[in-house]
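S.K.: Supplied in C-alpha cells, the structure appears directly below.
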Amino acid sequence: MLGKLLKYDLKWIYKVVVVFYILSFIFSIIGRTLGSIENSVIFSVVSKITFGFAIAMMASSIINCLMRLWSRFMKNLYKDESYLTHTLPIEKNTIYLSKVISAIICIFTTIVVILACLFICYYSETNMQALKGFLELAASTYNTTVLNLLLLVSIVILLEIIFIVLIGYIGIILGHKSNKRKMVKTVIIGFALYIITQIITLALIYILGLFNSSVMNLINTTDIINVDAIKTVMFYGVGIYIIYILFYNFLGKMAFQKGVDVE
C-alpha cells in the first residue's frame with residue numbers, strides 16, 4: 001500500500017515540478033547553443049539572458065518542490081481529499097511515511113536536475129579546470145579528497161532541505177489542530193520551530209567549543225582560518241541535522257497519530 005501512496009503523491013507533486021525541470025533544461029540548452037556561436041555579440045548577449053532564465057527556472061524548481069510537498073500534505077490530509085484518505089484501510093504511520101519518502105525523492109531529483117542544468121550551462125574545458133583547481137585547493141585545505149568534499153556539501157544541502165520540509169509538516173499538523181486561522185498558525189509554528197532549532201544548533205556548537213578550544217575561536221590570532229575547527233563543525237553539523245530529521249520525523253508522526261481535524 002505504501003507503494004500506491006507514493007505513486008499518487010509523486011504523480012501529484014511532479015505534475016507541476018516537472019514543468020520547471022523541462023523549462024530549466026530547455027533554457028539551458030538554448031543558452032548553451034547560442035553561446036557556442038562564435039563572433040556574434042547578439043547571440044552572446046541572448047545566451048547570457050537565456051542562462052538567467054535557466055537559473056530562474058532552477059530556483060523555481062526547488063521552490064515549487066517545497067510548495068507542492070507542503071500543499072500535497074495539506075490537501076491530502078486536511079482538505080477535501082482527506083475524507084477519502086482517512087477512510088482507507090491504511091495506518092497513519094504509513095500515510096505519514098509516504099509524505100516523508102516523497103519529500104526525499106523530490107528533493108533529490110530536483111538537486112540532480114539543477115546540477116545537470118548547471119553543467120549544461122557552464123561546462124567548458126576552462127571552467128572545468130577552474131572548478132577542478134578550486135575543489136582541489138579546498139580539498140587540500142580541509143585535508144580531504146574532492147569526492148569527500150563534494151559528498152559532504154551535497155549531504156549537508158540535502159539534509160537541510162529535508163529538515164525544512166519536516167518542520168513544514170509539523171507546522172501544518174499543529175496549525176490545523178486550531179479552530180481558527182489555521183494557515184497563519186501553521187506559518188508561525190513552522191517559522192518558530194526553525195528559529196528555535198537554529199538557536200539550539202548555535203548552543204550545541206558553543207558547548208562543543210567548551211571541549212574544543214579551536215571551535216570556540218574559528219579564527220586564530222594570526223587571522224588564518226582554523227581548518228580543523230571548520231571540519232569539526234561541518235561533521236558535527238551533519239550529525240546534528242540527522243538527529244533533527246529523526247526527531248522531527250518522530251514528532252510529526254506522533255502528532256499526526258493523535259488525530260486530524262479535517263476542514
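S.K.: With all protein chains present, calculate the accessible area of LYS4 using a 1.4 Å probe and round the result to the nearest 10 Å².
M.R.: Around 130 Å² of this residue is reachable by solvent.
S.K.: Quote to one decimal, in nm, the extra length available between LYS7 and MET234 on full extension: 0.36 nm per residue of separation minus the C-alpha distance between them.
M.R.: Extending this stretch completely gives an extra 78.2 nm.
S.K.: Just subtract the alpha-carbon distance of LYS177 and LEU88 from 0.36 nm times their residue separation and send over the number in nm, one decimal.
M.R.: 29.9 nm
S.K.: Which order do GLU160, GLU38, GLU91 take by accessible area at a 1.4 Å probe, largest first?
M.R.: GLU38, GLU91, GLU160
S.K.: Between ILE37 and PHE247, what is the FRET efficiency for a Förster distance of 35 Å, r being their Cβ-Cβ separation, to the nearest 0.05?
M.R.: Between ILE37 and PHE247 the formula returns 0.05.
S.K.: So how exposed is THR87, as accessible area in Å² (1.4 Å probe, rounded to 10)?
M.R.: For THR87, the solvent-accessible surface is approximately 100 Å².
S.K.: I would also like to ask the following. In the structure displayed, which of LYS75/LYS182; LYS4/LYS177; LYS15/LYS48; LYS15/LYS75; LYS92/LYS180 lie more than 19 Å apart, Cα to Cα?
M.R.: LYS4/LYS177; LYS15/LYS48; LYS92/LYS180
The values are calculated or read from the model by the stated rules, or taken from the named source; none is laboratory data. Quick caveat, the model's predicted, so the values are computed rather than measured. Cβ coordinates were reconstructed from backbone atoms using ideal geometry, including for glycine residues, and neighbour counts include every protein chain displayed. Accessible surface areas use protein heavy atoms only, side chains included; no ligands, DNA or RNA. Shrake-Rupley method; radii C 1.70, N 1.55, O 1.52, S 1.80 Å.
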